[in-house]
Every structure is written in C-alpha cells, then in structure tokens.
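We did not get these values from a lab; they are worked out from the coordinates using the rules stated. Everything quoted here is computed from the prediction, not taken from an experiment. All Cβ positions, even for glycine, are placed from backbone atoms using ideal geometry, and neighbour counts span all protein chains on display.
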Amino acid sequence: MPPSLLSLSPPSLPNLPHHHHYKKPRTQQQVRPINSISLLRYYVQNGRMQDAHKLFDETPERTPTSWTILMDGYAQHGPAVESRSLLCDMMIELSFVNLRPDPFVVSVGLKACASFGSLHCGKELHCLAVKLGYMQDLFVANALVKVYSTCGCLRYAESVFEKISQPDLISWSSILSGLVKNGHEADALRLFVEMARTGIHFDSYVFSIGLKAFADQNCIDLGVQVHCHMIKMGMYSSFLLNSLVEFYGRIGELASMRKVFDNMLKKDLVSWNIVISCHAQSTCCEEALIYFSTLMHEGTSECDDYTLGSILQAVTRIGSTHHGKQIHGESLTDSGKFLAFNAIWEAYPSAERDR
C-alpha cells in the first residue's frame with residue numbers, strides 16, 4: 001500500500017519508503033534553462049520516455065511542471081507503474097519546499113491514477129482536492145470522473161459529474177464511457193440524449209460510445225440518426241466507421257453493415273474482424289468465409305487470433321472440414337496463430353470436426 005498522499009509532510013518523511021525516482025532537491029540555486037521544459041515536452045509527446053526520464057533526472061531544479069509532464073507521459077505511453085512512483089515522489093518533493101500542488105498538478109495525478117487503476121490513490125487525491133478547494137476546477141473534476149469510471153465506481157463518478165456546473169465534452173465522454181464499459185447502457189442512453197439537448201458538439205469518440213449503447217438497447221433509429229449526422233458532417237475516420245459497422249452488425253442489419261464496410265476507403269484488421277464476426281454470429285457463414293478469403297488474398301492485414309476464432313465458428317456451423325483444413329493451413333504460417341487455432345479447434349466436439 002503506497003503512503004497516504006495526504007500525509008506527505010516533512011515530519012513524516014523518515015518513515016516513508018524510498019522510491020527509486022526520489023532525490024532530495026539540490027540546494028544550489030542553479031536553474032535549468034527554460035528550453036529543458038520544451039525538450040522534455042517534446043520527448044514525451046513523441047513517446048521517447050527513456051530520453052525524457054534521463055533529461056528529468058539531470059535537471060538540477062525540478063518544478064511541478066516538469067514532474068507533471070513526465071508523469072503525464074507515463075500515463076499515456078506506459079508503463080503506468082512509473083506514474084505511480086512519480087506521483088508519490090512528486091508529493092514528497094513538493095512538501096520539502098513547502099509548495100502545494102496546483103489544480104493542474106492534481107488533475108495530472110488523477111490521470112495517472114486512472115492509468116494504473118488505483119482507486120485508493122484516486123480517493124486520496126479527491127480528498128486533497130476538497131481540502132485545497134479545487135473541486136470547482138473543471139480539469140480536476142473531469143479527471144475525478146475518469147478515475148472513478150475507470151475503476152468501476154460509477155456512484156462516485158456520477159456524484160462528481162452532477163456537481164459540475166457546466167460539463168464540457170470531456171466530462172460527458174468520461175461518464176458515458178464509464179457507464180457503457182460497466183454495463184449501464186440504459187443510463188448511458190439517457191445521458192446521451194441529455195447531452196444532445198445541451199447543444200455540445202459531439203466528436204467521434206462520443207458517437208462511438210453512443211453507437212455501442214444504441215446497439216445494446218436496440219435503438220435503431222438513434223443509430224441511423226448518428227449515421228446521417230456523420231455523413232452530413234463528413235466524419236469518416238476509420239475508428240468511427242468501425243463503430244458504425246459494428247452497430248449495424250449487432251442489430252442484425254447486415255446489408256447496411258456491408259454497405260458501410262464496402263465503402264470504407266481504409267479498412268484495418270478491426271474492420272475485417274467486425275464484419276467476419278457479425279456474419280458468423282448471424283449464421284451467415286458463407287459470407288463470413290467470403291470476407292475471410294478476401295482478407296487473406298488482399299494481404300492488407302494479417303489475421304489474428306480473433307479472426308481465426310470467428311471464422312472457425314462459421315466453419316463449424318456449416319460443417320465444412322475442407323474450409324477448416326484451409327484455415328488450419330493459414331495458421332501454420334505463424335506459430336502463435338497455429339497454437340491459437342489448435343486450442344480453439346480442439347474445443348469443438350470431435351463429431352463436428354470430423355463431419
């Protein structure tokens with residue numbers, strides 16, 4: 001259990017465990033040029049965390065800005081455990097120089113908590129935010145909603161969200177995502193409609209969340225409205241189109257699913273997996289085989305374990321040993337796929353495999 005973030009004050013430091021990042025601030029007044037912050041930010045933005053950490057360690061005087069840049073980088077790029085260590089070390093160092101974290105520092109700390117899924121740290125920073133009077137800060141409130149949603153504590157997430165006087169796009173997307181991921185699609189649907197009434201501009205991420213909730217609740221009309229809005233606004237990212245393909249597939253509108261998929265200019269493996277899986281689950285197994293064959297011949301994406309599992313489901317349903325052997329041959333080109341195929345294939349009754 002990490003030390004309490006609220007108890008990090010100079011008198012208690014001797015009893016705290018030492019983290020490998022922590023170094024007592026140097027006493028000299030040497031100040032690193034401001035461009036070191038720019039360079040640190042550049043490394044983090046490009047995912048060069050090793051270079052960023054090396055630069056951070058060489059900085060004579062660390063500021064809350066440098067701490068938060070590095071911590072935010074590990075929250076984004078991983079490993080998340082580094083964010084945890086940096087969070088504790090930052091609180092220790094700030095207490096040494098009698099500085100209290102500002103709202104931005106607290107919000108980045110909460111983001112780190114969400115990245116490594118620590119409800120304990122999130123609650124402690126929540127208490128700290130209340131103590132310092134930061135609950136009216138939108139960045140802090142949004143980060144709290146994200147932490148509680150990520151950790152499955154929807155009651156706390158909704159409580160914080162409801163106290164935000166003017167939720168922005170991040171506020172809404174965080175609570176909606178948390179509801180959908182934790183199986184509360186009906187509540188997500190209600191909030192989605194409420195968000196639409198506020199007039200906030202939707203982005204691709206919110207639309208993708210909505211499409212998943214619509215499919216779960218079989219709200220076909222709302223999904224079609226989103227599709228029309230996408231066309232009107234020219235929203236054609238692969239990420240959002242994949243969500244739309246999945247929406248039509250899950251509600252059984254396979255013709256609409258195929259139309260969206262076939263018109264996609266850029267299809268990734270996620271796109272192919274969705275269309276193959278939806279055909280297999282809807283017992284349209286011949287179509288699943290056709291799409292799988294097209295994927296293999298086009299060579300734009302290599303299949304993965306999920307692809308093989310979906311197509312094997314189709315092969316088993318139509319009782320085609322011939323197709324099963326062909327797919328088995330495909331899996332032989334990759335040892336990982338071969339093991340995955342064998343494990344799935346052996347899970348089916350031998351009577352079905354021998355037909």
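Below are the figures for this structure:
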quantity	calculated
Loop sites in the range 143-237: trypsin sites (Lys or Arg not before Pro), DSSP, at most 13 other Cβ within 10 Å	163
Label-point separation in nm, residue 290 to residue 135, each point 7 Å along Cα→Cβ	5.9 nm
Rough spin-label spacing in nm, given labels placed 7 Å along Cα→Cβ, for residue 198 and residue 266	3.1 nm
Extended-chain gain in nm, criterion 0.36 nm per residue less alpha-carbon gap, residue 218 and residue 239	5.4 nm
Residue-count net charge about residue 240 - beta-carbon cut-off 11 Å; Lys, Arg +1, Asp, Glu -1	-2
Given charges at beta-carbon only (K, R positive; D, E negative), |dipole| of the range 193-301 in Debye	220 debye
Net charge dipole size for the range 167-255 [Lys, Arg +1 and Asp, Glu -1 on Cβ; Debye, nearest 20]	60 debye
Rough spin-label spacing in nm, given labels placed 7 Å along Cα→Cβ, for residue 100 and residue 51	3.8 nm
Difference of contour (0.36 nm per residue) and Cα-Cα distance, residue 166 to residue 317	49.2 nm
Non-local Lys pairs in the range 93-241, i.e. 8 or more apart or on different chains, that have alpha carbons under 24 Å apart	17
Residue order, fewest to most beta carbons within 10 Å, for 231, 175, 251	231, 251, 175
Part-to-part distance (alpha-carbon centres) for the range 167-185 and the range 219-250, which is given in Å	18 Å
Gain on full stretching of the segment that runs from residue 76 to residue 225 - 0.36 nm per residue minus C-alpha separation	50.3 nm
